[in-house]
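Everything below concerns the one structure shown next.
Coordinate-derived values only; no laboratory data. This is a predicted model, so every value here is computed, not measured. Don't worry about glycine lacking a Cβ; one is built from the backbone with ideal geometry, like all the others, and counts go over all protein chains shown.
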Amino acid sequence: MTVFRTLSTLFNLKLQFDNFILKIIVKVLPSFGWALFFIIATASSCKKLAPQAPLENYLSVERTKKLSVIPVPVQISVKDLQTIINNNISGLLYEDSTFDADNLLIKVWKESDIKLAVSGNEFYYDVPLKVWVKGKYELKQLGIGLSQTKEADFKLKLKFKSVISLSPDWQLITHTVGLGHEWLTPPVIKVGFIEIPFKRLADKVINDQQKYLAKIIDAKVKEDLEIKSYAKDVWEKIQEPLQIQQDPDVWLKLQPTEVGITQLGGEGEWIKTTLLLKAYSDIKFGLKQTAPLVELPALNKSSLSEEDFYLSFDSEISYLDLTEMANQYFRGKVFEFRNGKKKVMIDKVNIYGSGNKLIFDLAVSGDIAGKMYLTSLPYYDSLSQSLGLKDVDFDLDTKNQILKTASWLAQGTIQKKIETNLRYSVTEDIKQVQELIAKELSDRKIADFLYIKAEVKEIIPREVFLTQESLKIIIDSKGSLNLFLKN
């Protein structure tokens, strides 16, 4: 009897517990909106996706750069050339101190300073001379010898032309030739009633001296006007990174490869030319980056011409930032299919690269659960100045599993949403660089003798590619950059 009473008691307790649980369920279910049943139903009816993840890898991209030509105006002072020539053509230039057979003593001096007249790459000048002559007249008659001497001063000017150029080894070269001479007073000496003409002899002396003086001028100009050291200073100075902003650090980096020169030409008190430096140019963000100096090459006088200047800089968004942006928009978002009969919610997004494609790793739940992988090609949209995505689609393994288990997912809803909503504007990056160049490189001193001036006229985005850390776009800014030598 005791056993039956115990079993009866236990059975009554179970009935009471079951009634208690039933009351709780009845009270709780309305407040949860049947969520529990949805979870149970989903757990029992949803299909699983477990495709293989696309391999994370990054191509070794050979970044193409545009070469720019940077003009460097150079001026050679006509006064400096005058000084060199005057210093080396001065004082007594010629002396004949014996009468010998010609009965003449001759001395030639430079009378006053030489003045240059410039025309293109040629300059013309006269060398004013003073000629002293002492003539002797001898007469022998009836065994008696008579002689008389007379001296006089004459003036004339020698005419020269020098053509100036620069050699491949950076030497300033002049090629000087004589253009004859002009007597300002007749070369005749009167001894008593006798006129002694010495023009023929004097002309020969003057012509020989003119050839000699031309060689002296060319040698001294080459020796005293040294150009290579200035060119070397400029060449090395522009290779040093130039900081144009702090916090964040922004650097202008020039990498010269070649140098040419325009035709030398005179204008007023200057002989002018322009060095044309061919260089790669970049704007770099972050720490200062240095590279070994490139030595000054030989001067190229023919292949370069003045062209537009291209300044390249990077705009980028890291995968971490891109992932965060995607999660802000897509996490918890529910996509409906078949007029709401099928639902898929995105729980989490992760973004990385595979070759030249951007991979979207989506964790999803709902009528289908697990992982989905989509591929896309990043590109630059010039109309909106933004990085966008095109050709968004499921990767091959994901697509195969979807077609087998949930073909309704293949209609493109998720792909279109990603293409439409994931964009990164680079407008502010472009604007910032333009303002920075206008402010910091308008007339910037980079050395005691060297100034830089840059202007950006046009922005030309050129190339989008994936790196290990980010999605990057290369942007060329088209404009002008000049270097100026100042004392």
Problem set entry | Residue-count net charge about GLY332 - beta-carbon cut-off 12 Å; Lys, Arg +1, Asp, Glu -1 | +2
Seminar exercise, completed: The value for segment 258-298 (convex hull of the alpha-carbon atoms, volume per residue, Å³) is 124
For this session: For ILE114, enumerate residues with amide H under 5 Å from its amide H, sequence gap 5+ or separate chain, H modeled in the peptide plane.
Result: none
Exercise. Extension gain LYS457-GLU62, at 0.36 nm per residue separation less the Cα-Cα distance, in nm?
Worked result: 139.5 nm
Problem set entry | Rotationally averaged projected area of segment 56-95 (alpha carbon convex hull; nm²) | 6.6
For this session: Quote the charge dipole size of segment 322-406 about the Cα centre in Debye, to the nearest 20; the model charges only the Cβ of Lys and Arg (+1) and of Asp and Glu (-1).
Result: 360
For this session: Return the loop-located trypsin sites (Lys or Arg not before Pro) in segment 333-442 (DSSP other than H, G, I, E, B) with at most 11 other Cβ atoms within 10 Å of their own Cβ; answer none if there are none.
Result: ARG338, LYS341
Exercise. What ³J(HN,Hα) values, in whole Hz, does the Karplus curve 6.51 cos²θ - 1.76 cosθ + 1.60 give for segment 208-220 when θ = phi - 60°, with x put for Gly and Pro?
Worked result: 5, 5, 5, 5, 5, 5, 4, 5, 4, 4, 4, 5, 6
Seminar exercise, completed: Surrounding charge for GLY388, neighbours by C-beta under 12 angstrom, Lys/Arg +1, Asp/Glu -1, total -1
Exercise. Looking at segment 195-279, which trypsin sites (Lys or Arg not before Pro) are DSSP coil and have at most 16 other C-beta atoms within 10 Å of their C-beta?
Worked result: none
Problem set entry | Per-selection Kirkwood Rh - segment 441-487 (Cα, Å, 1 d.p.) | 12.9
For this session: Could you pull out the pairs from LYS155/LYS222; LYS333/LYS371; LYS150/LYS211 whose alpha carbons sit more than 19 Å apart here?
Result: LYS155/LYS222; LYS150/LYS211
Exercise. What are the residues whose amide H is under 5 Å from the amide H of THR467, where those residues sit 5 or more places off or on another chain and H is modelled from the backbone?
Worked result: LYS472
